[in-house]
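As C-alpha coordinates, the structure follows; a few thoughts come after it.
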Amino acid sequence: MKKLTLLLTILFINASTFCQTQKESDSLVLLGGSIYANVVDKSNNLTYCTYRRGTEITFSYKYTDRNGKQQYFVVNNGNSWDFTSVGNSSESVKDFKLRVLNSNMNYNDPKHYQVEISYIIEKKGARTHTTGLIENEKNIWLHPPRQFLFQILELNPFPFIKYPLQIGRTWSWELEIGDQWGDKRWKEWSGDIMNKCQYKISGKETLNTAVGSLECYVVESEAKSELGTTKLTSYFNEQFGFVKLMYTNINSSTIEINIQRVQQQMDNVFKPSF
(Lines give C-alpha, C1' and ligand atoms only; values in the text may rest on other atoms or scores of the structure.)
Protein backbone atom coordinates (compact mmCIF):
# COMPACT_ATOMS: atom_id res chain seq x y z
CA MET A 1 0.00 0.00 0.00
CA LYS A 2 2.88 2.42 0.81
CA LYS A 3 4.48 1.76 -2.58
CA LEU A 4 1.13 2.29 -4.33
CA THR A 5 0.51 5.55 -2.50
CA LEU A 6 4.04 6.79 -3.33
CA LEU A 7 3.56 5.86 -7.00
CA LEU A 8 0.25 7.72 -7.19
CA THR A 9 1.77 10.76 -5.48
CA ILE A 10 4.70 10.87 -7.91
CA LEU A 11 2.34 10.41 -10.84
CA PHE A 12 0.15 13.32 -9.84
CA ILE A 13 3.08 15.58 -8.94
CA ASN A 14 4.54 14.98 -12.40
CA ALA A 15 1.15 15.57 -14.00
CA SER A 16 0.81 18.87 -12.13
CA THR A 17 3.67 20.22 -14.22
CA PHE A 18 1.22 20.35 -17.11
CA CYS A 19 -1.75 21.43 -14.98
CA GLN A 20 -3.51 24.67 -15.75
CA THR A 21 -6.88 26.14 -14.93
CA GLN A 22 -8.83 28.76 -16.77
CA LYS A 23 -7.70 32.22 -15.68
CA GLU A 24 -10.03 34.99 -14.58
CA SER A 25 -9.00 36.90 -17.67
CA ASP A 26 -10.58 34.13 -19.73
CA SER A 27 -14.33 34.09 -20.15
CA LEU A 28 -16.46 32.36 -17.55
CA VAL A 29 -20.24 32.38 -17.43
CA LEU A 30 -22.27 32.46 -14.21
CA LEU A 31 -24.99 29.80 -14.06
CA GLY A 32 -27.91 30.12 -11.67
CA GLY A 33 -26.15 32.90 -9.78
CA SER A 34 -23.67 30.49 -8.22
CA ILE A 35 -21.73 28.17 -10.58
CA TYR A 36 -18.96 29.61 -12.76
CA ALA A 37 -18.71 27.55 -15.96
CA ASN A 38 -16.25 27.58 -18.85
CA VAL A 39 -17.56 29.17 -22.03
CA VAL A 40 -17.70 27.12 -25.20
CA ASP A 41 -14.47 27.55 -27.14
CA LYS A 42 -13.42 24.81 -29.53
CA SER A 43 -9.78 25.91 -29.29
CA ASN A 44 -9.81 25.41 -25.52
CA ASN A 45 -7.29 22.75 -24.54
CA LEU A 46 -7.25 22.98 -20.74
CA THR A 47 -5.76 20.26 -18.59
CA TYR A 48 -7.57 20.34 -15.28
CA CYS A 49 -5.71 20.24 -11.98
CA THR A 50 -7.99 17.93 -10.01
CA TYR A 51 -10.21 15.94 -12.38
CA ARG A 52 -7.65 15.42 -15.13
CA ARG A 53 -8.81 13.95 -18.39
CA GLY A 54 -8.14 10.24 -18.50
CA THR A 55 -8.42 9.82 -14.73
CA GLU A 56 -10.42 6.84 -13.45
CA ILE A 57 -11.41 6.75 -9.78
CA THR A 58 -12.94 3.72 -8.08
CA PHE A 59 -15.31 4.29 -5.15
CA SER A 60 -16.96 1.95 -2.68
CA TYR A 61 -20.34 2.75 -1.16
CA LYS A 62 -22.36 1.76 1.88
CA TYR A 63 -26.14 2.13 1.89
CA THR A 64 -27.95 1.99 5.23
CA ASP A 65 -31.74 2.15 5.39
CA ARG A 66 -33.69 4.24 7.90
CA ASN A 67 -33.78 1.27 10.30
CA GLY A 68 -30.00 0.84 10.29
CA LYS A 69 -29.86 -2.16 7.95
CA GLN A 70 -27.00 -2.14 5.44
CA GLN A 71 -27.84 -3.27 1.90
CA TYR A 72 -26.38 -3.49 -1.60
CA PHE A 73 -28.30 -3.68 -4.85
CA VAL A 74 -28.35 -5.93 -7.91
CA VAL A 75 -28.96 -4.93 -11.53
CA ASN A 76 -31.74 -6.80 -13.30
CA ASN A 77 -31.86 -5.31 -16.79
CA GLY A 78 -31.68 -1.80 -18.20
CA ASN A 79 -32.64 0.55 -15.37
CA SER A 80 -34.26 -2.17 -13.24
CA TRP A 81 -32.67 -3.03 -9.90
CA ASP A 82 -33.48 -4.46 -6.47
CA PHE A 83 -32.02 -4.26 -3.00
CA THR A 84 -30.11 -7.29 -1.76
CA SER A 85 -28.59 -8.27 1.56
CA VAL A 86 -24.91 -7.66 2.14
CA GLY A 87 -22.97 -10.76 1.04
CA ASN A 88 -26.09 -12.35 -0.40
CA SER A 89 -24.97 -12.46 -4.03
CA SER A 90 -21.80 -12.28 -6.09
CA GLU A 91 -23.78 -10.03 -8.43
CA SER A 92 -24.24 -7.36 -5.76
CA VAL A 93 -22.96 -3.94 -6.80
CA LYS A 94 -20.34 -2.92 -4.25
CA ASP A 95 -18.44 -0.20 -6.06
CA PHE A 96 -18.41 2.02 -9.14
CA LYS A 97 -15.95 4.04 -11.22
CA LEU A 98 -15.84 7.69 -12.19
CA ARG A 99 -13.98 8.19 -15.50
CA VAL A 100 -13.07 11.67 -16.79
CA LEU A 101 -13.41 11.57 -20.57
CA ASN A 102 -11.53 13.33 -23.35
CA SER A 103 -14.64 15.12 -24.56
CA ASN A 104 -16.96 17.96 -23.67
CA MET A 105 -20.72 18.32 -23.59
CA ASN A 106 -22.71 21.54 -23.65
CA TYR A 107 -26.25 20.22 -23.16
CA ASN A 108 -27.37 22.27 -26.19
CA ASP A 109 -26.45 25.42 -24.25
CA PRO A 110 -24.33 27.73 -26.42
CA LYS A 111 -22.94 29.56 -23.38
CA HIS A 112 -20.95 26.92 -21.56
CA TYR A 113 -19.68 23.36 -21.59
CA GLN A 114 -19.09 20.62 -19.06
CA VAL A 115 -16.31 18.06 -19.13
CA GLU A 116 -17.83 14.65 -19.84
CA ILE A 117 -17.58 12.04 -17.11
CA SER A 118 -18.93 8.50 -16.96
CA TYR A 119 -20.11 6.51 -13.96
CA ILE A 120 -19.42 2.84 -14.60
CA ILE A 121 -20.84 -0.17 -12.80
CA GLU A 122 -19.11 -3.34 -13.96
CA LYS A 123 -22.03 -5.76 -13.75
CA LYS A 124 -23.94 -7.53 -16.51
CA GLY A 125 -26.88 -5.44 -17.69
CA ALA A 126 -25.63 -2.22 -16.09
CA ARG A 127 -25.68 0.85 -18.29
CA THR A 128 -22.91 3.43 -18.09
CA HIS A 129 -24.19 6.86 -17.09
CA THR A 130 -22.48 9.79 -18.83
CA THR A 131 -22.89 13.28 -17.43
CA GLY A 132 -20.69 16.32 -16.71
CA LEU A 133 -18.51 18.28 -14.32
CA ILE A 134 -17.30 21.88 -14.19
CA GLU A 135 -13.81 22.79 -13.00
CA ASN A 136 -12.02 26.15 -13.13
CA GLU A 137 -10.27 28.52 -10.73
CA LYS A 138 -13.62 29.64 -9.31
CA ASN A 139 -15.22 26.30 -8.42
CA ILE A 140 -15.60 22.56 -8.92
CA TRP A 141 -19.12 21.19 -9.36
CA LEU A 142 -20.13 17.75 -10.54
CA HIS A 143 -23.11 15.49 -10.99
CA PRO A 144 -23.14 12.55 -8.58
CA PRO A 145 -23.79 9.00 -9.82
CA ARG A 146 -27.52 8.77 -10.55
CA GLN A 147 -28.24 5.34 -11.98
CA PHE A 148 -30.09 2.56 -10.11
CA LEU A 149 -30.02 3.15 -6.33
CA PHE A 150 -27.93 6.28 -6.83
CA GLN A 151 -30.91 7.96 -8.50
CA ILE A 152 -31.90 8.96 -4.97
CA LEU A 153 -28.91 11.36 -4.89
CA GLU A 154 -30.66 13.75 -7.31
CA LEU A 155 -32.53 15.09 -4.27
CA ASN A 156 -29.33 15.77 -2.28
CA PRO A 157 -26.89 18.66 -2.62
CA PHE A 158 -24.45 17.95 -5.46
CA PRO A 159 -20.69 17.89 -4.72
CA PHE A 160 -19.69 21.55 -5.06
CA ILE A 161 -16.79 23.64 -3.71
CA LYS A 162 -15.75 27.28 -4.17
CA TYR A 163 -12.32 28.87 -4.47
CA PRO A 164 -10.49 30.29 -2.63
CA LEU A 165 -10.85 27.52 -0.08
CA GLN A 166 -11.65 29.31 3.18
CA ILE A 167 -13.10 27.85 6.36
CA GLY A 168 -16.40 29.56 7.07
CA ARG A 169 -17.17 30.38 3.45
CA THR A 170 -20.82 29.90 2.47
CA TRP A 171 -22.77 29.84 -0.78
CA SER A 172 -26.07 28.62 -2.19
CA TRP A 173 -27.42 26.88 -5.28
CA GLU A 174 -30.79 25.61 -6.46
CA LEU A 175 -31.97 22.97 -8.90
CA GLU A 176 -35.32 22.16 -10.46
CA ILE A 177 -35.97 18.40 -10.28
CA GLY A 178 -38.47 16.52 -12.43
CA ASP A 179 -40.66 13.66 -11.22
CA GLN A 180 -38.71 11.11 -13.32
CA TRP A 181 -36.25 11.00 -10.41
CA GLY A 182 -38.90 9.69 -8.03
CA ASP A 183 -39.17 6.08 -6.87
CA LYS A 184 -41.64 4.37 -4.54
CA ARG A 185 -38.66 3.04 -2.57
CA TRP A 186 -37.97 6.57 -1.32
CA LYS A 187 -40.37 9.27 -2.62
CA GLU A 188 -42.65 9.95 -5.57
CA TRP A 189 -44.15 13.26 -6.71
CA SER A 190 -45.82 14.87 -9.71
CA GLY A 191 -44.29 17.68 -11.76
CA ASP A 192 -41.17 19.69 -10.97
CA ILE A 193 -39.91 20.72 -7.56
CA MET A 194 -37.26 23.25 -6.57
CA ASN A 195 -34.39 22.03 -4.41
CA LYS A 196 -32.60 24.89 -2.60
CA CYS A 197 -29.09 24.07 -1.36
CA GLN A 198 -26.86 25.80 1.19
CA TYR A 199 -23.13 25.06 1.53
CA LYS A 200 -20.45 25.89 4.10
CA ILE A 201 -16.76 24.98 4.37
CA SER A 202 -16.82 23.99 8.04
CA GLY A 203 -13.22 22.93 8.60
CA LYS A 204 -10.25 20.78 7.60
CA GLU A 205 -9.62 17.15 8.46
CA THR A 206 -7.00 14.54 7.64
CA LEU A 207 -8.57 11.29 6.40
CA ASN A 208 -6.90 7.89 6.27
CA THR A 209 -8.09 6.56 2.91
CA ALA A 210 -7.30 3.65 0.60
CA VAL A 211 -5.00 5.97 -1.39
CA GLY A 212 -3.19 7.40 1.62
CA SER A 213 -3.56 10.06 4.29
CA LEU A 214 -5.30 13.05 2.71
CA GLU A 215 -5.88 16.57 4.00
CA CYS A 216 -9.44 17.54 3.17
CA TYR A 217 -11.73 20.54 3.38
CA VAL A 218 -15.06 19.55 4.95
CA VAL A 219 -18.15 20.97 3.23
CA GLU A 220 -21.48 20.75 5.07
CA SER A 221 -24.51 21.16 2.81
CA GLU A 222 -28.27 20.90 3.04
CA ALA A 223 -31.07 20.88 0.47
CA LYS A 224 -34.71 21.74 1.14
CA SER A 225 -37.78 21.26 -1.03
CA GLU A 226 -41.47 20.59 -0.57
CA LEU A 227 -40.52 16.91 -0.19
CA GLY A 228 -38.31 17.50 2.83
CA THR A 229 -34.62 17.95 3.67
CA THR A 230 -31.51 16.11 2.53
CA LYS A 231 -27.86 16.57 3.51
CA LEU A 232 -24.34 15.98 2.24
CA THR A 233 -21.05 16.18 4.08
CA SER A 234 -18.26 16.09 1.52
CA TYR A 235 -14.50 15.81 1.99
CA PHE A 236 -12.53 17.61 -0.72
CA ASN A 237 -8.85 17.01 -1.36
CA GLU A 238 -7.10 19.35 -3.82
CA GLN A 239 -5.23 16.47 -5.48
CA PHE A 240 -7.95 13.83 -5.80
CA GLY A 241 -11.17 15.87 -5.54
CA PHE A 242 -14.14 14.62 -3.52
CA VAL A 243 -12.76 11.58 -1.71
CA LYS A 244 -15.59 10.95 0.75
CA LEU A 245 -19.29 11.78 0.48
CA MET A 246 -21.75 11.20 3.32
CA TYR A 247 -25.38 11.56 2.23
CA THR A 248 -28.54 11.72 4.34
CA ASN A 249 -31.34 10.97 1.90
CA ILE A 250 -34.96 12.08 1.58
CA ASN A 251 -36.21 8.88 3.32
CA SER A 252 -33.67 9.13 6.18
CA SER A 253 -31.47 6.41 4.68
CA THR A 254 -27.75 7.15 4.24
CA ILE A 255 -25.14 6.53 1.57
CA GLU A 256 -21.42 6.79 2.32
CA ILE A 257 -19.04 6.87 -0.65
CA ASN A 258 -15.26 6.43 -0.25
CA ILE A 259 -12.34 6.59 -2.67
CA GLN A 260 -10.56 3.26 -3.25
CA ARG A 261 -8.23 3.58 -6.22
CA VAL A 262 -6.98 6.17 -8.74
CA GLN A 263 -5.61 5.46 -12.21
CA GLN A 264 -4.28 8.10 -14.59
CA GLN A 265 -3.75 7.65 -18.31
CA MET A 266 -0.94 10.03 -19.21
CA ASP A 267 -1.05 9.46 -22.97
CA ASN A 268 -4.52 10.90 -23.56
CA VAL A 269 -4.61 14.01 -25.73
CA PHE A 270 -7.71 16.16 -25.45
CA LYS A 271 -9.46 17.13 -28.67
CA PRO A 272 -12.50 19.33 -28.07
CA SER A 273 -15.76 17.92 -29.42
CA PHE A 274 -19.21 19.46 -29.25
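The values are calculated or read from the model by the stated rules, or taken from the named source; none is laboratory data. Keep in mind it's a predicted model, so treat the numbers as computed, not measured. Positions of Cβ are generated from backbone atoms using ideal geometry, with glycine treated the same way; all protein chains shown enter the neighbour counts. We work out accessible area using only protein heavy atoms, side chains counted, and drop any ligands, DNA or RNA first. Shrake-Rupley method; radii C 1.70, N 1.55, O 1.52, S 1.80 Å.
A few points about this structure:
- Residues of region 188-211 satisfying the condition of being part of a strand (DSSP E or B) and either surrounded by fewer than 18 Cβ atoms within 10 Å (Cβ to Cβ) or more than 20 Å from the chain's Cα centre (by Cα) (or both): I193, M194, K196, Q198, K200, S202, G203, K204, E205, T206, L207, N208
- Some residue of region 38-49 being outside any loop (DSSP other than H, G, I, E, B), surrounded by 13 or more Cβ atoms within 10 Å (Cβ to Cβ) and either modelled with pLDDT under 85 or not acidic (D, E) (or both): yes
- Beta carbons closer than 7 Å, at least 6 apart along the sequence or on distinct chains, pair a first residue in region 241-253 that is closer than 17 Å to H143 by Cβ and at pLDDT 95 or above with a second that is of a type outside the set (S, T, Y) and in a loop (DSSP other than H, G, I, E, B) for F242/P159; L245/P159; Y247/N156; N249/N156; N249/W186.
- All told, E238 meets the bar of being at pLDDT 95 or above, within 27 Å of V40 (Cα to Cα) and open to solvent by 60 Å² or more (accessible area, probe 1.4 Å).
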